Every structure is written in C-alpha cells, then in structure tokens.
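Below you'll find the structure, written out as structure tokens, and then a few comments.
The values are calculated or read from the model by the stated rules, or taken from the named source; none is laboratory data. Here the structure is a predicted model, which means the values were calculated and not measured. When we count neighbours, we look across all protein chains shown, and the Cβ atoms used for this are built from the backbone with ideal geometry, even at glycine.
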Amino acid sequence: MFIKFLVKKITFLFKQNQTPPIETQSAEKKTKGLSDKLKDNIDSLKLIFGDSGDLKIHEILFGKNLELSGALIFIDGLVDSKTITESIIKPLILNKNIGDGMEIENMSMDIIKKTILCSGDMSEIKDQTQMIEGCLAGETVFLLDGFKEALLISTKGWEKRNVTEPQTELVVRGPREGFTEDFRTNTALLRRRIKSPDFKMEQMKIGRKSLTDVCIAYIDKVAQPRIIEMVKKRLEKLEVDSILDSGYIEEYIEDAPFSVFPTVGYSEKPDVIAGKLLEGRVAIIVDGSPFVLTAPYLFIESFQTSEDYCIRPLYASVTRMLRLMAYFISIFTVPIYIALTTFHQELIPTTLLFTFANASEGTPFPSFIEALIMVFSFEILREAGLRLPRPVGQAISIVGALIMGDAAVAAGLVGAPMVIAVAFTAVAGFVIPVQIDSVSILRFILMVFSAALGGFGIAIGLLGILVHLASLKSFGVDYFGTVIPSQDLQDSFVRMPLWSMSGRPKDIAYIDKKRRKTFIPSTRRSNDHQET
Amino acid sequence: MPYVIFAFLVIALIDFLPLIKQKKYKELFCVGAFFITGVVLSILYVSGVVIPSPMVLLGDFLKKVLHLSY
Amino acid sequence: MQIDKGKITAVQFMFSVACYMQASSLLTAFFVGITKQDSWIVVILAFLVCLPFLFIFISIMRNFPDKNLIQINTLVFGPVVGNIISAMYIWYFLTLTSLNLRDLSDFVHQTIMPKTPSIVIMFLFLLVCAWAVRFGIGVVTRYNTLFSIIQIVILALAVVFTANLIDFQNFLPMFDQPAMEYVHGTHVVSTIPFGEVVVFLMITPNIKLPPKKISKFFLWGFVIGGIVLVVVILRDTAVLGNVLGLFSLPSFETQRMASLMEALSRLEIMFASVLIILLFAKVTFLYYVTVLSLAQIFKFETFKPFILSIGALAIVYAFILYSSSMQHVESGTNATPILWTLFEFVLPMLTLLIAKMRKLPQTEEVV
Amino acid sequence: MKKNFTTSVNRIISVILCLSITLLTTGCWDSKEIDTISIVTGIGIDTSQNPDEINLTAQIGKTQPSGGALQQDSAGGDNDSFLVMEATSKGILSAFESMNTKNSRTPFLQHNQVIIFGKEQAEKGVQSYIDVFLRYYQMRMEVWFLVADSKAKDILTVKTQPEKNSAISLSEILRDETNISESLRINLKDFVSRLIEPTSSAIAPIVSVQKGIDTTFLAVDGMAIFKKDKMVGQLTSKQIDGYIWTMGRIKEIPLEISLDPGYGNMQAFNIKCSMKPIIQKDGVISVSLQIRGQMVLDEIKGFDSMNLNEIVPLLQRAANEKVHQDIMNCLSEAQRLNSDIFGFGTAFHRNYPKEWKSLKNKWDQLFPKLKINTDIKLEIINPGKIGASLNMEDKK
C-alpha cells in the first residue's frame, strides 16, 4: 500500500504542475516605468531593497554650474570601484563644459552615453525591473533628474577564483586549466579555444530569485538545430526559484530522470568541452558553477577521457579497453562469485573449490549476506574518504579497508576470497568516476538476481540492463548506439589515430561532417630521408 | 493458482487502464479476447486439466489422414 | 500504414539473420538421432535446399519493399483469403515463440538449474523480452551484431579447447544409412533452423536500404548462420563420435568435456550463457513479429497493448504444447517439419507466383 | 511530455512490482551453500552379498576451516583430508540417498574424479551401472574409468602421501601416464563409445595398492579387457606396450633393448602410426600397420670393442624387432580372449561400409585369424651428448 501511496504522491506532484502556473512573483510584476523625479526613483529603490547594507546610492552634482543632479546606484562588492571612478564619476565631475552649449531639456541620456561617459558597455533602460536586475548583476545604474530613462553601465568586478587545475579530472598529459565559478571567465576560456565566428553563445537568465546567467554554446552548422531547439525548449520551461549549480539544470533537462545512467555529460576542463562542441554537441555554461554540461551524452563518452586524445593511439586504445573491462568487472565480479559459490560449484576447478570450501567453512552467513555486508562497508569507507579533508580522507579509506577486511577474515565472519572479490570491485569502480552511480546500483541489483537464480539470474539481469540501455535516448540520440557497426566505432572501443578519424560522430553532427582531411603520415608515402 | 491470478491482474492493470482511458474500444476488445484466452488456458492448465496440444493434434491428423509422416 | 517507424541498417539486418539462425545451433538434438555421424552432410544439404527459397524471400522483399508479410498477404490473396493466411502465419509465429521458449526452459532445466520450476525461468525471460519488444525494432535488433560476433568467437574458442579430443576417424562410416534417413534429416534441418528465416519478411519496411541491395545482406546473414551450424555439428561429431546419438544435448556435453589445461576446464556455463543470450535475441524477435503482425491484421496504430497478453499466452501455450521434452523431440523430428514446410516454403512460393501472375507491384501504384 | 510521463512511472512501478514478486517468492531452489554440500571426489563400486545389489564407496573431500577461531585443531594436519562412506543398495543414486541420511550434507557429484569398479563387479558386468553416469545431470563425461585389482573400497581408503586426497592423486598419476600416450587413460566417453560398438571391446586401466617402504601408494599398471561388458582378461605391462604401439597417439615412450653384445636404453618420440584395414580379393582380412618415428640413444652398456657406427644400426634393428614382438604378443593375447581391443572392427566398418554388413556377424570368427603386417622404421637420430663411450677404442 506503500507503493500505491508512492504512485499517488508522484502523480499528484505532476498533476499539480499541469495547473495553470500559479501566481508567481514574476507574472504580477508590472513593468513600472521610472519617474522623471530623481528623488522618487531613489525612494522606490530604497523601498524595494529595504535597508540591505551593500546598496550604495551616490548622488552627484555636475554640469558647468552644477545644475544637473544625478545618482549612481550600485551594490558594493559586486562592482569594481576603480572603474566607477574612472569611467563615470571623473568624466561627469571634471568635465566642466557639460550643459553650457546645450539647454537642460535637450540634454538626453544618449548624449551623455555617447559623449561624456567613457565606459564600453552601456545600455539604456526604461523600467524598474531591468534597473533592479542590472543593479543586482553588478552594473551601476546612472539616474538623471528630470529624465525617464536610466543608464546601465557594466562595472562588474568581484573576487574571482583564478584558473586552477580541477581536482576531479586529473591528467598526466594534456591541458590542465579548469573552469572557475565566474561566468565570463568560463565563456572566455572556451572562446580562446574555438576562435571561429560560427561559435555561438546564446545567453538567458533562469531562476526567479537567483537570476543566474545560463549560456547555450554551440557551433553553427556543426550542432544539429534539432538538438539546439530541444535544449532551448527544455531550458525555457524551467520556472524555478534558483539555479545554484549546473547539477540543478542537469536534473531538469535530462531524458530519463529515473534511469541509473546519466544522459547529460559534465566536465570541468575547457579542452574537453571544446572537443565535444567540435563533435556537434551543445554546451550549457551556468554562472557560479565550474561544471559545464554537454547535451547529447552517450554511454561510451564516460569511457573517453581528455588524456586519450593527447597520447599516442595504441596506448590510448589499450587504456580505453582497460576502462571498459574495469566497468564490467566492477559490476559483475561479486554477483558471479555469489553465483559460483552457491549455484554452480561445478565450474570451479577441484583444487580451487577446496580452498573456497576451506575459506567459507566456519562463516555463519550465506554468501549473499556476506557480500552485502562487505560491499556496504566498502561504500561507507569510500564515502568517508571523500568527505574528510584531502590527505586524511585517502588514508582513512585505505587503512579502513585493510583493517576491516583482515579482521573480518580473522574473526571467521567472511571468507577470504569474498574480501578479495569485493575489494577488487570497489577499486575497479573508481576507474570510471562518471558512472559511479550506475556501478554501485547495478552491482546491488545483480547481486540480488544472482542470489535468487544464480547464473540464469545474472543473464536475465544483464539482458535487462542491455534492454534499458538500448531504450535510452539522450536528446534524441541513441544512448547506447555504439553497438551498431558504423563509422562511430572509430572512437568507442578503440581510439583510432587522429589522422584517420576524419568524420564527426554520425548521428550528432549536422551538415559540416568533416573535421579534418584524412592525412596519411609521411612514413607511408616515402622514406624519411627524402623528406628533408 | 494465486500467482497466476495475481500475474494476470497486474497485466490487466498495466494494459487495460490506459486503453479504457483513451476510449479505444476496438483495441480493448481484441486485446481482451487474447487476454481472456490466456486466462482461461492458464487456469485450466494450473488446475490440472489436460489440454490437447494443437501440434500433437496436427501431427496425428497428418499421420493418419494424409499419411504424410516419417 | 507502418506501425513501427524504427529503421535498422543493412548490417544490423544481416547480423540479426545470422544471430537468429545461430540461436538454434545448440539444440541439434532433433536430427542427430536420425543421421548420427553424417549429420554435417545433412546440414550442408539443407543449406543448399534452402538457398532457392531464400531467393524467393528476397524477391518478395524486392517486389514489396514497404510492405510486411501481412500486408502482402492481403494484397496478393485479397482481403478474405489473405486474412486467413495471415492468421495462420500469426499462429505459426506464436508457436515458434513458444517452442523456442520451451527449448530455453528445457535447456536451463537440464543443465544449470534442475530444481527451479520452469514457470519462473520462462516468466522472467519473457518479462525481459516484453520490455525489449515495447521499444520496437530498434532495441530488438540492436544487440544482434554483438551477440552474433560473440557466438562466433566463443565457437572458435570451443573448437580450440576441444582440439585434443577431436578424432577425425569419427566421421568415417559416411553414407552408411539408408537414403530415406538423409531425406528425413535434410527435411528436419531445412525447416527448423534454416526455414525460419521467413520471419524476416515481416520487417522489410524497417530496413534503411533500397530494395535492390537487400539480397546481398540477406544472403550473407544466411551464409554466416549456415557456416556456424555446420561448424557446431562438425565439432560435436568429431568429439563424440558414435556416442553423439545418445545425448539429448550433444553440444553441451562436448563443451563440458572441453578443457585446455587443468585450470581452463569446466567452462560450460560460459557456453550456456552465450546460448541463453542468443535465445533471448531469437525469442524477442519472434515475440516482436507476433505482436506486430497482430497489430497489423487488426489495423491498430500501435502494438503496445498486445505485448503482455501475448506474452502470457505464449507462456501457457509453451506448457500446453508438449507434455515432456521427449514428446517435443519426437514430434519435432516427425510432425513439425511437414507443418512448417507449408509456412516456410509453400506459401511464400504461392505468394510470389500469384504476385507475378497478377503483376501486382505495378498495379499497386495505380490503386 | 507530462502525460506519458505518469504512465511510464506507473509502468516502472508495476515492473518493479512483478520483479520483486518473482524474486521474493523464489525459494532459491538450486542454491546450495558450499558448506552444505559434501564434495564427492571418487566413486567405487563393488559386489555385495546378494547378487543384484552393489556396495558403493564414495570418497568425500573434507574441508578444514582455514580462517578464524577454529584454527587450532587443524594445525596438526595429521588427520587426512577425506572421509570414505559406504552404502549398499540396488542403484547408485539410491546408495547415495541412503548415505545422505548418515552425512549431514548433500552429496555433490560434479567434482567426481574417478569411477572405480571392483574386480568381481567388473567380471560380473558393468553395463547395467553405467547408465546413471550418462543420465544423471551431475555426472561428467571426462571422469576417469578404472578397474581395481581387488576391491574398489581398498583403493579409495588408502592414504597416499603426496596428494592428501587419493582420488585426486589418482587423477594426477593418470595425467603423468599421458606423457607416454593418450590411449593409456580411458575416460567415461571412450569407455562408453567402445561399449556401444558391437564388435570392439572396451579396455580400462587397472589400479592397485602397492606397499612402499613406509608409505602405501597407488600404481596404475595393466589393462583390464572387457568382452561385451564383462571383464575377461588382463594385459600385463609388457603387453600394454604392444597395445600402445598399435593405437598410436604416442608422445614419447622408453625402449629397453638387451642384446648379447650389450644393453641399450632409448627414448622414442615424434611417432606417427597409421593403421589401414585391408580386405584382399579372397575375403581374407588383415591390417597393415606403418610406424615411423625417431629415437634418442640415452644409455649403453657393454658393446665393448665396437664403435658407435656399428652399435646404432644394431640397436635400431633390435628396436624395430622389439616393437614388432610387443605388438604380436599383445595381439595374440587379445585374440586368445577374442576381444577386439584395438578397434579394428570399427576401422573395417569405417573404411568398408558395404562389406562390413557381411563381416559384422562373422567378426567373432574372423578376429582370431586376423593378421597384422607391420612396417616399422624407427631411426636413432641423436646418440646423446657423448660420441664413443668409454670402453670403445676408435677403430680406423
């Protein structure tokens, strides 16, 4: 009956969503125009912002005989005070000959913008909401008494973390810079790598309270318009309070929220994102999060690391197959061990069977419960290792695993082969950090199947996973399409040399299919000494 | 016996609810026909009634009537 | 009006034909009892006998590129007779699904898990198949390439592992049985593994390829499947010799004896799981074809409602079909081949002849 | 997107429902924990008092708990690693059932290494008890088939030193035997395929308990010959050499030559034997055996005042002669017992299917008169490390 309650709760949750959007604060916000009285504007601003300490209102008088009175409004900390003084206050105050040649009436905002202020990025705004948004985004609002328009001058400048090497994707070879929390730095990092004009970045603001900048980056004629449209449509549908990290967006726009496999990729390294953009994918950059999302994310991508493309192809292919095997091992070792020791003892060679029998002679639990205890304790140790500060964490997880395993065997609670199997799966699970959630969940499901039905249970579990993988689609692209023999096999199980991978991925790229002419290395054509 | 009934209940729950909601009665009728044959046959089988298998019947028919057999 | 819009590439089609035929490679119990050590000759004869019928299937596909078998029947034989023939075909597909399901549960019963009730084996297996069929042709044939290649690799491994047991003298008393045995054997083999390829006429609209080029891929898939069957039989006869006729599952016994050294022995569970996965591909495909043809004959726009009801029917039908596996083998060698010849050879030939006589494909544009 | 989302949620929930139902109700039928099974490593079958019952001995591997608190008592290591259980009943499996009552764990036969028939049971007839080894799903075909020279029980109860478990030690011995030739060890499949052949008769190695200086060990010497399914005779180790030479499939075999001028010891290897049955016009059947091979001279004694070039041809001729002699007396023994252990019958059946129909029922009369004409050519290609031996003076 718990299930029925669960179903009702989830369906209610979604029904409630279908009702016409409830009165949210954004709908009723009438676009209140600015009044020409400077005082009224300032008072209304004070009313809206309340007495938040970091709101600065700076009234200045300028003009030849100080007849113009204006006000600068900005949030302290978000703005760079040096640029404000340089590009706004100095020109206004020091320029003595404002207003002498012209009367006050035809003195308009764009004259000030064009002639007086010397800041690159200015825009005129007419209503209060834009003013508030601009002010909160780190821009200075310039109000002039007697004029309805206001001027937004971009003076962003706050404390930023500088570009460092990301902790998650450590590489031996290949670029080491990673994204930071600052939106503009991230877009700049990408722009520096792809300098072609086709590289488009469409910006939008999401989240009623957080107004986070979200940018959809893609390369025209390489990314399919169908995919771009789909990403935009899904992003626009978000009526959310706040977006604090790209993880939020990932959950909203991914294809199968209940599946164990992630269908939206993320990375912290600009060269990885640049590579994916050039393959025809769409990137989503979120202000305040160093992780940039990539839209159609396939299963095989979790086995591709940025280092694969910086080292020579043969070794890269070997490591890629190693990762695939590690993934397979980390899911299947414990279930197969359970199936072997409880169902199909005839498969173990006789001498090995006796060692297993000796090992599990005194142990009280059946092997499934044994496996459950060990896997569960390894997961706890892993989590503990992650949460503690860096140096302490590593030590704890390793020492804990050793002591725990050894003590369990000594106490006769668990057989020694079981500890080896579980340790092996735990270590193999770390090889592919991206799929860590699918590994730990699938391992558990398969353990249940193998405890219930042995080898046949594992076969059924495997087939179930394969069918689920085949049915998954990420933004209209088959999630596990690498099994069909096609041109994309060049970069899936093995990494073919760069000079032979001339086409972009078949079902992701759009018209511009060729990324490089197939270049045959010189050794083939003629021997080297003729080269020089 | 209870498992069989429970299984068929679940199948009915999954298949027929959407059909009824979408008011596709022609489909409901066809699928219902197959569903009922399934239920009847399984109830009979589980309660031990020997159901003549069509393949054996056809085999005998071929052997006796048409003498077409090895 | 095409129910399942999914498209599969030509290579996928080729390998699903090969995978479909490889699935019945282990269950050679039928004809091994008849022609003991000459079974491999019978398989080659059956392969040659089925080649012309394969070309019949290919020309049907070429004449009606965007129609599946049910639509062809109604078009060629007219609505009333066409529907009767289509109904017979649907019964044929359903029986094939149940037979293969029965084969699987007998296999799992006799080798891996004798005490598990076969209802559990069948129910779980069919649950996964139903889940695959729900997503249409794309998922059903997605893994056939992988499965087919894995089976070929495992077969090569098996031959290497049984190298020390192989004795070529076991083939020798060739053509030692009366001629009638060979005719019977060829008939059985040409209907069970080879003739079942008629099922692929149901998915002609789903192949992403101009009709003219289908024949090359269909032929190659058929050849790969045929070669695998012959190699399996050759290996079994070479290893078991005159003991071949004793066993109900000769291939499994051979794989049980296969061993390289002391450590690399006892690998039959690896071969058994490959067979389970291949049978999964075959049963899913047959299940998909049954459900698709039902939806086609009743002209629905989606086949999803049929899936679970037909699944339940297939399980019960599998229990009713044969009371025991001996009866299954006995009728499999005597009655079934004659029945299946009607579906696999006579009816397709008839459809092609009538289509040629009424010069149907051309008039079809006019209508 | 919203609408079919709820139905897909319903579907997922119900699929999980179905799966959990089946999995929870599964009583894990086939699951048997390792410590609840008793691993049978050897089966012995002997006659018992009343005729239609048999006395079954099963050797079960015992496991010492290696880890944990129960460490102390196993430190001694004196207690052996297997226990033997006995039961008498009509059938083999019923014997195991009755054994089961005494032993808390269910017998697990998949790891059985050897099937040993006692001498009297072999003489009484083997076929009736082979059926279970083919039919029962736990029996494997590559199990070794042996005949005990006395009672199978004594073989299984003996405590051999190197390998604690005597059945495993038996399979180790048989594995070393194959260094000489494949045809020395017989697994169940070979034995059964011989039983099925109407004319050929099966053969199985004989195992006996030998008393060493302070230990007892098992020796595999001699072959039991079966007619139909009864043991009719025995081949001594000398006659076995003849059997090995005719069957071929030899890896390497020692040859010991003693002549009046001296004594030589050689190792023959790289041997190709081909056996062709021949039916002459007048209906007389014979078998031509062609053996080609190479030998290495390992040891010489005597041959004083002869240099190597004379010794080598001498030994070569003697070796060929010895092989011919071995084959002949093995054949005579087989013909005396009128049991075709070489499988000549099947060879005739395979190469002359048409004539075989007439030969088949006359085979029992034809086989004793069968002739083997041998064409043996074994050359010594390598005289070993030293050329002339010590007492040879080099004659010019």
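For this structure, a couple of remarks:
- Test: residue in segment A:396-406 that is within 14 Å of chain D (Cβ to nearest Cβ) and closer than 27 Å to A:SER438 by Cβ: yes
- Search result, residues across segment C:89-108 that are touching a residue at least 60 places away in the same chain (Cβ under 8 Å) and over 14 Å from the mean Cα position of the chain (by Cα): C:TYR89, C:ILE90, C:SER105, C:ASP106, C:PHE107, C:VAL108
- Options C:ALA281, C:ALA258, C:ALA238; residue that is within 14 Å of chain A (Cβ to nearest Cβ), closer than 21 Å to D:PHE191 by Cα and in contact (Cβ under 8 Å) with a residue 60 or more places away in the chain: C:ALA258
- Single condition A:PHE258 does not satisfy, out of (1) of a type in the set (A, V, I, L, M, F, W, C); (2) modelled with pLDDT of 90 or more; (3) over 12 Å from the mean Cα position of the chain (by Cα): (2)
- Filtered residue count, segment D:187-232, keeping only those that are among the charged types (D, E, K, R), part of a helix (DSSP H, G or I) and surrounded by fewer than 19 Cβ atoms within 10 Å (Cβ to Cβ): 0
- Extreme residue, surrounded by the fewest Cβ atoms within 10 Å (Cβ to Cβ), among residues of segment A:427-468 that are hydroxyl-bearing (Ser, Thr, Tyr) and within 26 Å of D:GLU33 (Cβ to Cβ): A:SER440
- Criterion: under 24 Å from C:ILE297 (Cβ atoms), assigned to a helix (DSSP H, G or I) and modelled with pLDDT of 90 or more - qualifying residue of B:PHE34, B:PHE29, B:PHE16: B:PHE34
- The one condition from (1) surrounded by fewer than 17 Cβ atoms within 10 Å (Cβ to Cβ); (2) closer than 15 Å to C:SER309 by Cβ; (3) of a type in the set (A, V, I, L, M, F, W, C); (4) modelled with pLDDT under 90 that B:VAL40 does not meet is (4).
- Any hit, segment A:349-364, residues being in a helix (DSSP H, G or I) and more than 11 Å from chain D (Cβ to nearest Cβ): no
- Conditions (1) in a loop (DSSP other than H, G, I, E, B); (2) buried (at least 23 other Cβ atoms within 10 Å of the Cβ); (3) within 13 Å of chain C (Cβ to nearest Cβ): number failed by A:PRO505: (3)
- The single residue among C:VAL289, C:VAL189, C:VAL223 that is over 30 Å from D:LYS357 (Cα atoms), crowded, with 24+ Cβ neighbours inside 10 Å and at pLDDT 85 or above turns out to be C:VAL289.
- Scanning segment C:119-133 for residues that are of a type outside the set (A, V, I, L, M) and within 8 Å of chain A (Cβ to nearest Cβ) turns up C:PHE125, C:TRP131.
- In the condition set (1) over 26 Å from C:ILE227 (Cα atoms); (2) touching a residue at least 24 places away in the same chain (Cβ under 8 Å), C:LYS115 is compliant with all but (2).
- Boolean, A:ILE153 is assigned to a helix (DSSP H, G or I), closer than 22 Å to A:SER35 by Cα and of a type in the set (Val, Ile, Thr): no
- Single residue of segment A:252-288 satisfying the filter (among the small types (Gly, Ala, Ser) and in contact with a Phe, Trp or Tyr (Cβ under 8 Å, 6 or more places away or on another chain)) that is farthest from A:HIS468 (Cα to Cα): A:GLY288
- The listed residue being polar (S, T, N, Q), under 22 Å from C:LEU124 (Cβ atoms) and assigned by TED's automatic domain parsing to the domain that holds A:SER377, out of A:SER471, A:SER440: A:SER471
- The residues in segment C:102-116 that are closer than 17 Å to C:GLN255 by Cα, more than 10 Å from every other protein chain (Cβ to nearest Cβ) and crowded, with 23+ Cβ neighbours inside 10 Å can be counted, and the count is 0.
- Counted residues, segment C:137-146 - those being touching a Ser or Thr at 6+ places or on another chain (Cβ under 9 Å) and more than 8 Å from chain A (Cβ to nearest Cβ): 3
- Some residue of segment C:162-170 being more than 20 Å from C:LEU275 (Cβ to Cβ), crowded, with 23+ Cβ neighbours inside 10 Å, out of contact with any Asp or Glu (no Cβ under 6 Å at 6 or more places or on another chain) and of a type outside the set (Lys, Arg): no
- Note on segment D:319-376: residues that are of a type in the set (Lys, Arg) and more than 13 Å from chain C (Cβ to nearest Cβ) amount to 5.
- Residue check for A:THR333: closer than 29 Å to C:ARG256 by Cα, among the polar types (S, T, N, Q), modelled with pLDDT under 90 and part of a helix (DSSP H, G or I): no
- Filter result for the condition that a residue is within 26 Å of C:ILE119 (Cβ to Cβ) and either surrounded by 24 or more Cβ atoms within 10 Å (Cβ to Cβ) or touching a residue at least 60 places away in the same chain (Cβ under 8 Å) (or both), over C:ILE307, C:ILE297: C:ILE307
- Exclusive hit being in contact (Cβ under 8 Å) with a residue 60 or more places away in the chain and outside the structural domain of A:GLU229 (by TED's automatic domain parsing), set A:LEU170, A:LEU143: A:LEU143
- Residue that is surrounded by the fewest Cβ atoms within 10 Å (Cβ to Cβ) [pool: residues in segment A:238-273 that are among the polar types (S, T, N, Q) and within 22 Å of A:GLU177 (Cα to Cα)]: A:SER246
- Close pairs from segment D:276-296: first without any contact (Cβ under 8 Å) to a residue 12 or more places away in the chain, partner surrounded by 15 or more Cβ atoms within 10 Å (Cβ to Cβ), Cβ under 8 Å, at least 6 apart: D:ILE278/D:ILE285; D:ILE278/D:SER286; D:ILE278/D:VAL287; D:GLN280/D:SER286
- Just one of the numbered conditions (1) touching a residue at least 60 places away in the same chain (Cβ under 8 Å); (2) closer than 30 Å to C:PRO65 by Cβ is not true of C:THR162: (2).
- Tally of residues being in contact with a Lys or Arg (Cβ under 8 Å, 6 or more places away or on another chain) and either modelled with pLDDT of 85 or more or surrounded by 19 or more Cβ atoms within 10 Å (Cβ to Cβ) (or both) across segment D:290-326: 6
- Remark: B:ALA33 falls outside the filter, which requires a residue to be surrounded by 17 or more Cβ atoms within 10 Å (Cβ to Cβ) and hydrophobic (A, V, I, L, M, F, W, C).
- Some residue of segment A:321-329 being within 30 Å of D:LYS32 (Cα to Cα) and facing chain D (nearest Cβ under 9 Å): no
- Of the residues making up segment A:470-485, just one is more than 7 Å from chain C (Cβ to nearest Cβ) and farther than 22 Å from A:ARG234 by Cβ, namely A:THR482.
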